[in-house]
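Asker: After the structure tokens below, expect a handful of questions from me.
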Amino acid sequence: MSAIDQSKIRNFSIIAHIDHGKSTLADRIIEKTGLLTSREMQSQVLDNMDLERERGITIKAQAVRTVYRAKDGEEYIFNLIDTPGHVDFNYEVSRSLAACDGAVLVVDAAQGIEAQTLANVYLALDHNLEVFPVINKIDLPSADPDRVAAEIEDVIGLEAQDAPRISAKTGLNVDDVLEAIVKKIPAPKGDADAPLKCLIFDSLYDSYRGVIVFCRVMDGTVKKGTAIHMMATGADAEVVEVGYFGAGQFIPCDVLSAGMVGYITASIKNVKDTTVGDTITDRDNPCAEALPGYKKVTSMVYCGVYPADGAKYGDLRDALEKLQLNDASLFYEPETSVALGFGFRCGFLGLLHLEIIQERLEREYNLDLVTTAPSVIYKIHKKNGEVLELTNPSNMPDPSEIDYMEEPVVSAEIMVTTEYVGAIMTLCQERRGVYLGMEYMEATRAILRYELPLNEIIYDFFDALKSRSRGYASLDYELKGYQQSELVKLDILVNHEYIDALSFIVHAESAYDRGRKMCEKLKEEIPRHLFEIPIQAAIGSKIIARETVKAMRKDVLAKCYGGDITRKKKLLEKQKEGKKRMRQIGNVEIPQKAFMSVLKLDEE
Amino acid sequence: MRRPLELYIHIPFCARKCLYCDFLSQTASEMVCHGYVEQLLEEIGCQSGYYQGYEVVTIYIGGGTPSILKAEDIQAVMEAVKKNFRVDRGAEITIEANPGTVSREKLEAYLDCGINRISLGLQSADDRELKTLGRIHTFDEFLKTYQRVREAGFHNVNVDLMSALPGQTLSSWRSTMKKVTMMKPEHISAYSLMIEEGTLFYEMYHDHPELLPTEEEDREIYYASKAFLREQGYERYEISNYARPGFECRHNIGYWTGVEYLGLGLGASSYIQNFRFSNEADLETYRKINMRGEDADQRLHQNISELSQREQMEEFMILGLRMSRGVSGSEFIRRFGLNMWNVYGDALHRLQENRLIEVESPWVRLTDFGVDISNYVLSEFLFDREPD
């Protein structure tokens with residue numbers, strides 16, 4: 001079989017701020033290209049994880065191949081590579097984009113440009129992609145496509161007057177997008193006769209087929225039987241099957257050649273042999289040098305992840321290993337806690353990434369987890385000259401050994417409508433932000449620039465931002481560096497026992513306030529016991545706050561007759577289930593969610 | 001010997017829905033009530049076929065307010081029961097009634113058809129509290145009804161009371177108890193108010209616990225009741241039930257000790273040969289069931305579940321421990337062929353250490369503190385669920 005004509009291939013991504021309609025447009029493209037009938041369409045074909053569907057966001061990069069008959073009468077192969085929209089997932093966006101030749105930028109006709117619109121466009125331009133804009137949601141009453149087009153030209157500098165104005169929801173003008181993809185996105189320019197050079201942009205583990213590698217062939221060809229070599233890990237394997245991505249399914253084909261996007265299964269036993277960003281070549285005819293790959297991302301947020309049932313430690317380790325396979329940004333290493341037993345300290349790109357990994361572990365791997373308060377990496381300069389990188393607060397050395405501490409700071413851009421500028425400035429000040437400047441994008445919108453300590457962002461900053469701006473503010477940030485800071489470790493004692501998993505590091509000025517709120521929160525979370533339970537916050541040996549959980553006085557069903565029995569028994573069962581979700585520490589049972597309490601301190 | 005069976009007959013109608021009530025009841029026209037009774041008679045006739053090996057030992061006509069039905073309707077129901085089931089001569093037969101809904105004629109008709117126990121819903125002797133609850137009667141009206149009940153010749157009367165009401169104090173509660181015990185009913189049920197979802201009280205008080213007596217006050221009232229009623233000759237035999245010796249409600253004791261019972265009428269629950277099930281609970285749907293049809297059982301009986309031996313053991317404990325006498329280890333062995341202390345040793349020892357239960361072989365019972373937090377205690381007797 002001859003290689004497919006590269007000039008008829010278009011490899012592209014859709015990029016957008018969250019909720020601007022990326023997934024909906026992807027659905028329409030799949031629908032319009034006739035790959036599926038309307039009846040077969042699940043509401044959002046690309047988002048095939050339950051979790052994605054519920055949250056309405058795309059977590060994992062995925063790909064789909066469709067065939068489009070253009071107005072010029074030719075058939076084009078579209079490889080649509082999906083990207084996540086959230087700021088936490090820049091890394092994944094980056095690896096998706098590396099497999100593309102162009103990108104469709106979706107902008108909401110009512111909301112206009114948001115923080116992540118900019119972040120994603122810059123990322124695409126970094127990868128030398130051709131980007132063209134599409135203005136979506138023009139059916140909304142508040143849509144103002146002219147304003148948004150002008151904004152795109154002013155702020156991003158992309159030609160936008162002829163940008164397709166569409167409603168992905170209703171399908172209006174989506175044909176214009178398809179034509180624009182053919183005309184504006186360049187065809188791949190690989191050499192099918194050169195040695196194989198193939199980029200791994202994703203992978204997943206299937207219990208029947210083993211590791212499935214998602215790749216973009218840059219040069220050469222790969223087919224069943226090809227002996228392949230992974231240039232970074234050094235692993236070798238023989239190809240079992242190649243194919244491309246149908247909607248929600250893998251469709252085998254004979255050969256993948258230069259310019260094509262598809263998958264490879266091979267006799268790959270160990271998930272660690274295929275790292276995303278690695279280059280696959282032909283062992284017998286290797287290419288001269290590997291592709292640049294991706295810049296290695298660093299975890300910004302750490303937390304302890306423990307199995308609720310200690311016996312599941314091995315299962316948790318296996319699950320983390322498999323998740324890391326297609327999420328190289330996930331870091332983990334074993335740790336132990338007095339309160340929680342054996343578990344892992346995991347590193348994440350951000351708080352959303354943390355939550356998603358936690359939920360995937362719970363849902364896809366059926367694990368019941370306890371997670372501790374998130375932390376950033378603190379640099380501790382000890383008096384003896386040693387420098388420690390601290391990711392777990394309970395490992396903090398005695399204050400007498402510490403010379404000074406440093407914490408990570410980020411430069412943040414917050415895009416907000418002008419009426420909420422005041423509220424957001426107050427928020428940033430409360431979070432020790434340093435004001436850097438403000439620019440008006442137009443009369444009603446501004447970009448606020450702040451330098452913020454990362455540990456002020458990881459707890460509940462997103463929620464606070466949204467609630468104080470009625471959802472109109474958006475945030476993008478990047479790590480700027482470290483600064484010296486007055487930090488203390490806050491310990492929590494429950495019934496006079498120190499709970500290592502509840503310790504957290506906080507700026508000295510807010511220690512009292514946080515300690516008090518933490519005690520109040522824990523008082524709500526810890527159920528009444530047979531005895532009174534003091535909850536205390538302490539810095540070193542000094543108690544700075546205290547609350548008391550009163551002893552249980554009354555928990556009784558007054559009535560239980562023939563018709564009540566089944567219902568009342570369910571009630572008791574629920575109570576028992578509640579007990580099971582608790583951690584016994586000393587005499588006290590602490591609900592597992594209490595270990596995340598620190599995240600909710602700003603809730604009123 | 002025939003197996004003992006209890007009958008529960010549900011009358012889902014009321015003069016007015018009380019604000020705290022989450023029972024299956026509604027107001028209805030005379031015509032709807034009558035149509036319901038017709039269907040109930042059909043059900044009695046058709047279902048009784050399965051129970052020929054049984055002897056009915058107690059009957060309980062509950063609601064709603066059964067006494068709002070016409071006397072003839074109650075008589076017809078009783079006649080149908082007696083015609084279709086074998087009813088023990090000494091059976092305890094109770095009807096629930098609310099003050100203001102029973103005339104002398106009705107009471108005589110009840111006695112005529114074999115009803116020998118009446119349960120009156122008083123709730124409080126304080127008219128302000130009655131109003132808060134949304135009751136349709138005053139204390140004075142209760143007194144008249146009570147007198148009528150005695151004059152008609154009822155020798156076994158229960159009075160229902162409620163404590164921990166919004167605005168209730170220990171002294172208003174004492175006054176209610178004094179007034180009621182002066183009347184010398186044989187039996188008193190005293191329930192601590194539960195705020196149930198789906199009631200008006202839930203809307204009013206769920207987010208405003210400060211309007212209700214505190215847990216401490218509630219317990220104070222509870223202990224005061226026990227002490228005061230004991231002085232007056234009433235022993236507490238279940239968490240919320242008190243009686244003069246010999247007048248404990250046999251029907252209700254059956255629920256707590258695993259006696260089989262058949263529920264008849266809308267939404268009524270049954271426990272037959274280790275199966276729990278309940279009747280269709282929608283009035284319209286219930287009324288449309290052809291009781292003689294082949295699929296009558298299927299349409300009538302819902303939520304059918306068979307109890308495994310573990311579930312039977314759980315129920316033995318969580319229901320039996322509601323009784324003041326507790327559960328008996330000997331009975332446990334007789335019933336399940338297993339030793340209670342082997343099956344529940346851990347829980348029993350733990351609870352005993354915490355003084356939540358006390359042991360007087362072969363009996364195990366809740367202590368006063370155990371009663372206060374009985375949900376906590378009883379949940380200890382549930383086994384871990386098998387993973388699905």
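The values are calculated or read from the model by the stated rules, or taken from the named source; none is laboratory data. Note that this is a predicted model, so its numbers are computed, not measured. Please note: Cβ atoms are built from the backbone with ideal geometry, for glycine as well, and neighbour counts cover all protein chains shown.
Asker: Can you tell me which residue is nearest to residue A:8 (Cα to Cα) among those in segment A:243-265 that are modelled with pLDDT of 90 or more and either of a type in the set (Phe, Trp, Tyr) or touching an Asp or Glu at 6+ places or on another chain (Cβ under 6 Å) (or both)?
Answerer: Among residues in segment A:243-265 that are modelled with pLDDT of 90 or more and either of a type in the set (Phe, Trp, Tyr) or touching an Asp or Glu at 6+ places or on another chain (Cβ under 6 Å) (or both), the one nearest to residue A:8 (Cα to Cα) is A:258.
Asker: Okay, moving on. Looking only at segment B:353-367, how many residues end up being at pLDDT 95 or above, surrounded by fewer than 19 Cβ atoms within 10 Å (Cβ to Cβ) and within 14 Å of chain A (Cβ to nearest Cβ)?
Answerer: Total satisfying the criteria: 1.
Asker: Under 20 Å from residue A:374 (Cα atoms) and surrounded by 14 or more Cβ atoms within 10 Å (Cβ to Cβ): does that describe residue A:482?
Answerer: Details: under 20 Å from residue A:374 (Cα atoms): yes; surrounded by 14 or more Cβ atoms within 10 Å (Cβ to Cβ): yes.
So residue A:482 fits the description; yes.
Asker: Still on this model: Does residue B:257 fit the bill of being within 10 Å of another protein chain (Cβ to nearest Cβ) and out of contact with any Cys (no Cβ under 6 Å at 6 or more places or on another chain)?
Answerer: Against the criterion (within 10 Å of another protein chain (Cβ to nearest Cβ) and out of contact with any Cys (no Cβ under 6 Å at 6 or more places or on another chain)), residue B:257 does not qualify.
Asker: Which of (1) crowded, with 19+ Cβ neighbours inside 10 Å; (2) of a type in the set (A, V, I, L, M); (3) touching a Lys or Arg at 6+ places or on another chain (Cβ under 8 Å) is the odd one out, the single condition residue B:115 does not satisfy?
Answerer: The failed condition is (3).
Asker: Also, I was wondering about something else. Being small (Gly, Ala, Ser), surrounded by fewer than 17 Cβ atoms within 10 Å (Cβ to Cβ) and either more than 29 Å from residue B:368 (Cα to Cα) or not assigned by TED's automatic domain parsing to the domain that holds residue B:96 (or both): is that true of residue B:269 here?
Answerer: The answer is no for residue B:269.
Asker: Further question on the same structure: Taking residue A:499 as the residue in question, decide whether it is out of contact with any helix residue (DSSP H, G or I) (no Cβ under 8 Å at 6 or more places or on another chain) and surrounded by 22 or more Cβ atoms within 10 Å (Cβ to Cβ).
Answerer: When the stated conditions are applied, residue A:499 passes them.
Asker: Restricting the first residue to segment A:134-148 and requiring it to be without any contact (Cβ under 8 Å) to a residue 12 or more places away in the chain, which pairs with a second residue that is surrounded by fewer than 24 Cβ atoms within 10 Å (Cβ to Cβ) meet a Cβ separation below 9 Å and a spacing of at least six or different chains?
Answerer: Between residues of segment A:134-148 that are without any contact (Cβ under 8 Å) to a residue 12 or more places away in the chain and residues that are surrounded by fewer than 24 Cβ atoms within 10 Å (Cβ to Cβ), the close pairs are A:141/A:110.
Asker: Starting from segment B:275-302, keep only residues that are part of a helix (DSSP H, G or I), then list their pairs with residues that are among the small types (Gly, Ala, Ser) whose Cβ atoms are within a distance under 7 Å, requiring at least 6 positions of separation or different chains.
Answerer: Partner pairs satisfying both residue conditions: B:287/B:35.
Asker: Sticking with this structure for a sec: What number of residues in segment A:514-558 are closer than 30 Å to residue B:258 by Cβ and either among the small types (Gly, Ala, Ser) or buried (at least 17 other Cβ atoms within 10 Å of the Cβ) (or both)? Explain how you work it out, then say what you get.
Answerer: So in segment A:514-558, the residues closer than 30 Å to residue B:258 by Cβ come out as A:530, A:552, A:554-558.
Next, only the ones that are either among the small types (Gly, Ala, Ser) or buried (at least 17 other Cβ atoms within 10 Å of the Cβ) (or both) stay: A:552, A:554-558.
Counting residues in segment A:514-558 that are closer than 30 Å to residue B:258 by Cβ and either among the small types (Gly, Ala, Ser) or buried (at least 17 other Cβ atoms within 10 Å of the Cβ) (or both) gives 6.
Asker: Considering only segment B:45-73, state which residues are under 17 Å from residue B:266 (Cβ atoms) and surrounded by fewer than 19 Cβ atoms within 10 Å (Cβ to Cβ).
Answerer: Across segment B:45-73, the qualifying residues are B:45, B:46.
Asker: Which one of the conditions (1) surrounded by fewer than 21 Cβ atoms within 10 Å (Cβ to Cβ); (2) among the basic types (Lys, Arg); (3) under 24 Å from the mean Cα position of the chain (by Cα) does residue B:135 fail to meet, given that it meets all the rest?
Answerer: (1)
Asker: Looking only at segment B:9-43, how many residues end up being assigned to a helix (DSSP H, G or I), closer than 19 Å to residue B:278 by Cα and either under 21 Å from the mean Cα position of the chain (by Cα) or not hydrophobic (A, V, I, L, M, F, W, C) (or both)?
Answerer: Residues in segment B:9-43 being assigned to a helix (DSSP H, G or I), closer than 19 Å to residue B:278 by Cα and either under 21 Å from the mean Cα position of the chain (by Cα) or not hydrophobic (A, V, I, L, M, F, W, C) (or both): 5 in total.
Asker: Report, by residue number, each residue of segment B:183-207 that is aliphatic (A, V, I, L, M), more than 14 Å from every other protein chain (Cβ to nearest Cβ), surrounded by 14 or more Cβ atoms within 10 Å (Cβ to Cβ) and under 19 Å from residue B:166 (Cα atoms).
Answerer: Residue satisfying the conditions is B:204 alone.
Asker: How many residues does segment A:140-154 hold that are surrounded by 19 or more Cβ atoms within 10 Å (Cβ to Cβ) and either touching a helix residue (DSSP H, G or I) at 6+ places or on another chain (Cβ under 9 Å) or hydrophobic (A, V, I, L, M, F, W, C) (or both)?
Answerer: So the answer is 4.
Asker: Let me ask another. Among the listed residues B:342, B:375, identify the single one that is assigned to a helix (DSSP H, G or I), free of Cβ contacts under 8 Å to residues at least 24 places away in the same chain and at the interface with another protein chain (Cβ under 10 Å from one of its Cβ atoms).
Answerer: Every option except B:375 fails the conditions.
Asker: Return yes or no: is residue B:284 more than 14 Å from chain A (Cβ to nearest Cβ), among the charged types (D, E, K, R) and surrounded by fewer than 23 Cβ atoms within 10 Å (Cβ to Cβ)? Let's see the steps before the verdict.
Answerer: Working: more than 14 Å from chain A (Cβ to nearest Cβ): yes; among the charged types (D, E, K, R): yes; surrounded by fewer than 23 Cβ atoms within 10 Å (Cβ to Cβ): yes.
So residue B:284 fits the description; yes.
Asker: Can you tell me how many residues in segment A:156-215 are more than 21 Å from residue A:6 (Cβ to Cβ), within 30 Å of the chain's Cα centre (by Cα) and assigned to a helix (DSSP H, G or I)?
Answerer: Here the count works out to 3.
Asker: In the list B:279, B:274, which residue meets the criterion of being among the polar types (S, T, N, Q), crowded, with 17+ Cβ neighbours inside 10 Å and either closer than 30 Å to residue B:41 by Cβ or in the same structural domain as residue B:63 (by TED's automatic domain parsing) (or both)?
Answerer: The unique qualifying residue is B:279.
Asker: Within segment B:160-206, work out how many residues are in contact (Cβ under 8 Å) with a residue 24 or more places away in the chain and on the phi > 0 side of the Ramachandran plot.
Answerer: 3
Asker: Name the residues in segment A:341-361 that are under 14 Å from residue A:322 (Cβ atoms) and among the charged types (D, E, K, R), would you?
Answerer: The one that is under 14 Å from residue A:322 (Cβ atoms) and among the charged types (D, E, K, R): A:360.
Asker: So is residue B:90 assigned to a strand (DSSP E or B), modelled with pLDDT of 95 or more, closer than 30 Å to residue B:139 by Cβ and small (Gly, Ala, Ser) or not?
Answerer: Here the answer is no, as residue B:90 does not meet what is asked.
Asker: For segment B:303-314: of the residues being outside any loop (DSSP other than H, G, I, E, B) and touching a strand residue (DSSP E or B) at 6+ places or on another chain (Cβ under 9 Å), which is farthest from the other protein chains (Cβ to nearest Cβ)?
Answerer: Going through the qualifying residues, I end up with B:306.
Asker: Report yes if residue B:266 is in a loop (DSSP other than H, G, I, E, B), within 12 Å of chain A (Cβ to nearest Cβ) and touching a residue at least 60 places away in the same chain (Cβ under 8 Å), otherwise no.
Answerer: It is true that residue B:266 is in a loop (DSSP other than H, G, I, E, B), within 12 Å of chain A (Cβ to nearest Cβ) and touching a residue at least 60 places away in the same chain (Cβ under 8 Å).
Asker: A further question on this structure: Out of curiosity, is residue A:549 within 14 Å of chain B (Cβ to nearest Cβ), β-branched (Val, Ile, Thr) and touching a strand residue (DSSP E or B) at 6+ places or on another chain (Cβ under 7 Å)?
Answerer: So residue A:549 fits the description; yes.
Asker: Let me ask something additional. Assuming residue B:243 fulfils every condition listed in (1) closer than 20 Å to residue B:313 by Cα; (2) surrounded by fewer than 23 Cβ atoms within 10 Å (Cβ to Cβ) apart from one, which condition is it?
Answerer: For residue B:243, the exception is condition (1).
Asker: Sort through B:220, B:235 and tell me the only one that's away from chain A (no Cβ under 13 Å) and of a type in the set (Asp, Glu).
Answerer: Result of the check over B:220, B:235: B:235.
Asker: Out of all the residues in segment B:322-336, is one or more surrounded by fewer than 20 Cβ atoms within 10 Å (Cβ to Cβ), more than 21 Å from the chain's Cα centre (by Cα), free of Cβ contacts under 8 Å to residues at least 12 places away in the same chain and away from chain A (no Cβ under 14 Å)?
Answerer: The answer is yes, given that some residue of segment B:322-336 is surrounded by fewer than 20 Cβ atoms within 10 Å (Cβ to Cβ), more than 21 Å from the chain's Cα centre (by Cα), free of Cβ contacts under 8 Å to residues at least 12 places away in the same chain and away from chain A (no Cβ under 14 Å).
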